[in-house]
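Any read-out appearing in this document is the output of simple, stated calculations on the displayed coordinates, not a laboratory observation. Quick caveat: nothing in here was measured; it's all calculated off a predicted structure. Using ideal geometry, Cβ is built from the backbone for each residue, glycine included, and neighbour counts are taken over all protein chains shown.
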Amino acid sequence: MDTLIKVEPNANIPALSPGDTVKVSIKIVEGERVRNQMFQGIVIKVKKGGANSSFTVRRVAYGVGVERTFFFTSPSVDKVEVLRHGKVRRAKLYYLRGLTAKKARIAEKRPKEAQAEHAEQ
């Protein structure tokens, strides 16, 4: 028995993979007001598992690494926008925690059409 309550995945979250640079818009409730807050960073982990599935986003703010975990089923996630797809060979990118500046950059995955055009030239 997985869960007692049927949980629907959030339709505003596209397919994500580790290495993707994403911009996550979160609904923040302050008293009676609701506002959106952006969190932009690299997806370092995607955990699959039904209602418990989540993804972790890491960014460096003012020299300090900040990681936030978001659930795929969370209604507080307003939308997720994938800015670029990263070219990685690992499922979990925990090694980025020890890297800074240029060493922490991830190469961009190029679409098949762009690779074919580049090969012709």
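Placing +1 on the Cβ of every Lys and Arg and -1 on the Cβ of every Asp and Glu, with no other charges, gives the range 21-120 a dipole of roughly 500 debye about its Cα centre. Mean separation of Cα pairs under 8 Å and 6 or more residues apart, divided by the residue count, gives the chain a relative contact order of 28 percent.
Near the amide H of residue 79, within less than 5 Å, lie the amide hydrogens of 25, all on another chain or at least 5 residues away, with H placed in the peptide plane. When a/c reaches 1.5 or more, the comparison of a/b and b/c decides; with that in mind, is the range 1-50 rounded, prolate or oblate per its Cα gyration tensor? Oblate, because a/c is 1.5 or more while a/b does not exceed b/c. For the peptides 69-81, 31-43, the ranking by packing is 69-81, 31-43, with the highest mean count of neighbouring Cβ atoms within 10 Å listed first.
Taking the inverse of the mean 1/r over every pair of distinct Cα atoms in the chain gives a Kirkwood hydrodynamic radius of 16.1 Å. Comparing 56, 29, 4 along the charge dipole axis of the chain, the residue lying farthest to the positive side is 56, per the Cβ-charge model.
In order along the range 17-24, the Karplus-derived 3J(HN,Hα) couplings, from 6.51 cos²θ - 1.76 cosθ + 1.60 at θ = phi - 60°, round to 9, x, x, 6, 8, 10, 10, 9 Hz, and Gly and Pro are given as x. Of the residues 82, 72, 96, the one whose Cα sits farthest towards the positive end of the charge dipole of the chain is 96 (charges of +1 on Lys and Arg Cβ, -1 on Asp and Glu Cβ, taken about the Cα centre). Amide H to amide H, with H built 1.01 Å from N, residue 10 comes under 5 Å of 73, 74, counting only residues 5 or more places away or on other chains. State which entries of 47/103; 6/45; 45/79; 45/103 exceed 21 angstrom in Cα-Cα distance in the structure shown. Pairs exceeding 21 Å: 47/103; 6/45.
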